[in-house]
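What follows is a set of notes on a single structure, which appears directly below.
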Amino acid sequence: MFKYIVRRLLYAIPIVLGVMMITFALFYLLQKPDAMARRILGPKASQQAVDNWIKQRGYDKPVFVNLTKGANPLDSQFVNYIESLATFQLGVSDVTGQPVIERFKEGAIPSLTITVPAFFLGLALAQSGRFAEARNLWADLLQRAPAGAPWCGDLQNRLARLDALIAQQQRMQGQPGTMP
């Protein structure tokens with residue numbers, strides 16, 4: 001079991017790096033830093049203001065590897081991106097100028113304090129065979145979910161599976177398959 005866990009953790013490293021490379025590349029494919037600076041600063045922004053905005057955010061550095069003679073080859077945007085993600089130094093939003101971690105705390109922490117306990121309580125109820133109680137808890141959680149919450153799809157799938165289990169349980173007990 002220990003070898004399995006270690007192997008899975010080692011498999012996660014290239015997957016995480018791959019996802020990071022894809023998101024980093026998409027950032028540059030969708031919008032170049034110069035265009036982003038002009039969009040945020042406005043169309044009448046001077047070239048000096050655009051250059052300052054780009055320099056403040058480190059977008060003036062080489063993208064993947066710094067090949068400048070005498071410079072640190074790891075002083076690049078991609079390496080800085082990986083380093084900041086690994087240390088949870090998320091910086092400031094390019095759009096609002098607010099610290100990203102503060103925006104994260106504003107939205108994610110309250111959401112997690114509601115959803116995580118309810119999800120795991122429902123999971124425990126389902127594991128103990130109390131399917132109807134788990135279904136009611138998760139259905140209530142789904143109703144209170146914010147619009148577009150990324151976990152809603154997974155919860156809907158779990159509710160559908162619980163409905164099937166409840167129907168099967170009722171058929172085995174000889175009851176008609178009615179849902180709550």
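Coordinate-derived values only; no laboratory data. The structure displayed is predicted, hence computed values, not measured ones. Ideal geometry is used to build each Cβ from the backbone, glycine not excepted, and the neighbour counts take in all protein chains shown.
Over the chain, dividing the summed -39,500 (n - 2.57) contributions of all DSSP H runs of at least 4 residues by the number of residues returns a 222 nm mean residue ellipticity of -22500 deg cm²/dmol. Taking other C-beta atoms within 10 Å as the exposure proxy, Arg39, Arg158 rank Arg39, Arg158 from fewest upward. Compare Ile101, Ile109, Ile13 in a GNM of the chain, Cα atoms joined below 10 Å, and give the one with the largest fluctuation. Greatest mean-square fluctuation among the candidates belongs to Ile13. Between helix 77-86 and the chain there is an angle of about 40 degrees, using the helix long axis and the longest principal axis of the Cα atoms. List the lysines whose Cα sits under 17 Å from the Cα of Lys69, skipping any in the same chain fewer than 8 residues away. List returned: Lys61. By the count of neighbouring beta-carbon atoms within 10 Å, fewest first, Leu162, Leu26, Leu41 end up ordered Leu26, Leu41, Leu162.
Projected label points at Leu26 and Ile101, each 7 Å from Cα along the beta carbon direction, are separated by 2.5 nanometres. Out of (1) 72, 18, 13; (2) 48, 22, 13; (3) 29, 21, 15, which label holds the value of semi-axes √(5λ) of the Cα gyration tensor in Å that was computed here? Of the labelled values, this structure produces (2).
Please find the FRET efficiency linking Ile114 to Asp75, where r is the Cβ-Cβ separation and R0 is fixed at 35 Å, and quote it to the nearest 0.05. Step by step, r from the Cβ atoms, then E = 0.25.
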